[in-house]
Amino acid sequence: MDADERDICNYLKSWPGEFVLGRDVARRAAGKWRFRQEPEWAAPVLVRLVEKGILEADSTGHYRLRASEQKSQPKKWMSPHLKTILEKSGKDFGGALDLDGSKDPGK
């Protein structure tokens, strides 16, 4: 990823999930002086990022970062004593208390 692509991605990170006009990306991603010298500098870079699958584009010339797929969080270790205390509270923790192969103390 070159410097222009990185500038565009960093700018679009400040607008998560929202489409931003390509001209606004060109104006704000690398600074106003770059935009004054080359108003269309971002157009080929945006097309290249869409082809790489990093950005999404709509039919009106707006771009956004492609939503990254959420990786499944690895289960974290929990003390069996804490597990029994949380289970006794009677609240549902949505499967967060499942420990693989552990034995509960006191049961």
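The values are calculated or read from the model by the stated rules, or taken from the named source; none is laboratory data. What you are looking at is a predicted structure, and each value in this text was computed from that prediction instead of being measured. Using ideal geometry, Cβ is built from the backbone for each residue, glycine included, and neighbour counts are taken over all protein chains shown.
Determine if the range 79-89 includes at least one residue that is farther than 22 Å from residue 9 by Cβ and modelled with pLDDT of 90 or more. Checked against the condition, which is being farther than 22 Å from residue 9 by Cβ and modelled with pLDDT of 90 or more, the range 79-89 yields no hits at all.
Filtering the range 1-15 to residues that are under 21 Å from residue 58 (Cβ atoms), in a helix (DSSP H, G or I) and touching a residue at least 24 places away in the same chain (Cβ under 8 Å) leaves 5, 8, 9, 12, 13.
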